[in-house]
Amino acid sequence: MILHQALTRCRTLVVEGPDGLDRRPLLAELARRHFMIRPLHGHLHHVDPTQPYRELLSAPGRLAVDGGLVHELVYGPLRRGRSRVTWIQALDFAEAVAEREGALLHLTGGTDDTEAVRAYERVLRTLAQHVPVITLDAGEPARAAHDPARAIGQLGLYVRLLPLA
């Protein structure tokens with residue numbers, strides 16, 4: 001699956017990527033395509049960090065979630081030595097997104113935090129075994145991976161091949 005397919009076929013898209021990347025162009029485009037945008041930045045529930053995600057995924061309609069769970073899998077260990085999200089919870093979340101006809105949109109580019117970049121790649125490589133993952137470079141002109149000549153100019157993103165395992 002590539003970006004334009006995800007925009008037409010998916011009911012659920014979860015936007016993930018390192019801190020400091022500008023998500024606004026992507027989120028604006030998703031809103032124009034009738035996705036309900038739900039940001040989930042901030043503190044995770046202390047007992048059940050997946051609770052807000054389960055509630056969101058149970059709602060009807062097209063949904064775009066602005067990150068959080070994968071962010072915790074990456075930055076929890078980097079900042080606090082451990083994640084508040086277990087791998088079982090993360091895999092359950094990935095499967096729930098896939099069951100809701102969804103995909104993870106992995107934003108890359110424009111960050112100097114190589115530890116976080118590598119951690120995102122590892123985490124998303126694992127999650128890609130349970131849910132489609134589409135990698136978007138926020139610093140390059142947008143192009144569809146199946147047709148490099150076709151630009152998706154509104155997004156300002158470069159679509160790379162899907163890294164499925």
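Some notes on this structure:
- Any hit, region 57-77, residues being in contact with an Asp or Glu (Cβ under 6 Å, 6 or more places away or on another chain), within 16 Å of residue 106 (Cβ to Cβ), open to solvent by less than 30 Å² (accessible area, probe 1.4 Å) and not in a helix (DSSP H, G or I): yes
- For region 99-121, a residue qualifies if it is over 14 Å from the mean Cα position of the chain (by Cα), part of a helix (DSSP H, G or I) and not aliphatic (A, V, I, L, M), and the qualifying residues are 99, 114, 115, 118.
- Residue within region 34-55 that is in contact with a helix residue (DSSP H, G or I) (Cβ under 8 Å, 6 or more places away or on another chain), modelled with pLDDT of 90 or more and aliphatic (A, V, I, L, M) present: yes
- Residue 18 vs. criteria assigned to a loop (DSSP other than H, G, I, E, B) and within 12 Å of the chain's Cα centre (by Cα): yes
- Look at (1) part of a helix (DSSP H, G or I); (2) small (Gly, Ala, Ser); (3) open to solvent by less than 30 Å² (accessible area, probe 1.4 Å) and you find that residue 96 fails only one, number (3).
- In region 116-145, residue modelled with the lowest pLDDT [restricted to those that are loosely packed, with under 13 Cβ neighbours inside 10 Å and over 16 Å from residue 102 (Cβ atoms)]: 141
- Residue in region 46-55 that is under 23 Å from residue 116 (Cα atoms), open to solvent by 80 Å² or more (accessible area, probe 1.4 Å) and assigned to a helix (DSSP H, G or I) present: no
- For residue 17, the requirement of being touching a Ser or Thr at 6+ places or on another chain (Cβ under 7 Å) and open to solvent by less than 40 Å² (accessible area, probe 1.4 Å) is met.
The values are calculated or read from the model by the stated rules, or taken from the named source; none is laboratory data. These numbers were taken from a predicted model, which means no experiment stands behind them. FYI the Cβ positions are ideal-geometry reconstructions off the backbone, even for glycines, and counts take in every protein chain you see. Just the protein is used for accessible areas: all its heavy atoms, side chains included, with ligands, DNA and RNA removed. Shrake-Rupley method; radii C 1.70, N 1.55, O 1.52, S 1.80 Å.
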